[in-house]
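The values are calculated or read from the model by the stated rules, or taken from the named source; none is laboratory data. What you see is a predicted model, and the numbers here were worked out from it, not measured in a lab. Positions of Cβ are backbone-derived with ideal geometry, glycine not excepted, and every protein chain shown enters the neighbour counts.
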Amino acid sequence: MISYPSKLVERAVEQLATLPGIGRKSALRLALHLLSRPEGDTHTFAQALVEMRDGIIYCRQCHNISDTELCSICANPSRDASTVCVVQHVGDVLAIENTGQYRGLYHVLGGVISPIDGIGPEELLIDELVERVHSGIVKEVILALGTTMEGDTTNFFIYRRLKPLGVKISVIARGIAIGDEIEYTDEVTLGRSILTRTDFDQSLRF
C-alpha cells in the first residue's frame, strides 16, 4: 500500500495507473517526474493530451484517426484505392504502415466479434465496409485481424458478407503466431504476412 504525501499526487497516480502497462509504482514515478519538471513543461504536456483528445476526428472513409475529414492515407492519390486492408484497431494501421510493404487503403473495424464481451457485428463498422465494396472501386479486401478465435470469427463473418459481391478476399499469411495481435507483431513478420497473403477460400480448407 503506497502512502501519498498529497491527495493531488494520489489523484494523478490513479489516473496514470489506468494506462496500459502502468502499475501504481510506475505511475507514482511518472507523477513525481512531471512534478519535478518546470511548470511550463508540465502544462505543455497536459495541453497536448487535451488537444489530442478534443481535436482528433475519425476519417469518414476508413475510420483511422485524423486531423481532417479524410485521413492522409485515404487522401494520398498514390495509394492503391482498389485494395482495402481490414484491421481491428488504429494501432494496427500504424503497425502495417511501419512495414513499408503495403500501398493500399485501410478499413478500421473498431474491434472484433466477441459475444462474451457483448460485441456483435452491429457494434463494428462492417456495414460501412460492405458499402465501400458496393461502390465498385474495391477489387481486393485483405483481412488482417489478429490470429485469435475472435479474429477468425470476424474474418469468416466478413467473408460471408462480401463473397456474393464478387470481390477478391484474402487473408494475411500465418507467419503471425496463433493468438498474436497485429499491433504487437514485429515489422518483418508482419510485412511478409501482408506480401504472402492467400485467398480466404484456401484458408477454409485447413
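Selection of segment 126-154 for residues being in contact (Cβ under 8 Å) with a residue 60 or more places away in the chain and over 10 Å from V112 (Cα atoms) yields E128, R132. Taken over segment 147-168, the criterion of being under 14 Å from V86 (Cα atoms) and either among the acidic types (D, E) or in contact with a Gly (Cβ under 8 Å, 6 or more places away or on another chain) (or both) is satisfied by T147, D152. Meeting the requirement of 3 or more residues that are β-branched (V, I, T) and not assigned by TED's automatic domain parsing to the domain that holds V108, the helices (runs of 4 or more DSSP H) wholly within segment 1-58 are 39-55. If you filter segment 91-133 down to residues that are more than 13 Å from the chain's Cα centre (by Cα) and among the hydroxyl-bearing types (S, T, Y), you find that the one that is farthest from A144 (Cα to Cα) is S114.
Within segment 35-66, being loosely packed, with under 10 Cβ neighbours inside 10 Å and among the acidic types (D, E) holds for E39, D54.
The set of residues in segment 71-92 that are modelled with pLDDT under 95 and among the acidic types (D, E) contains only D92.
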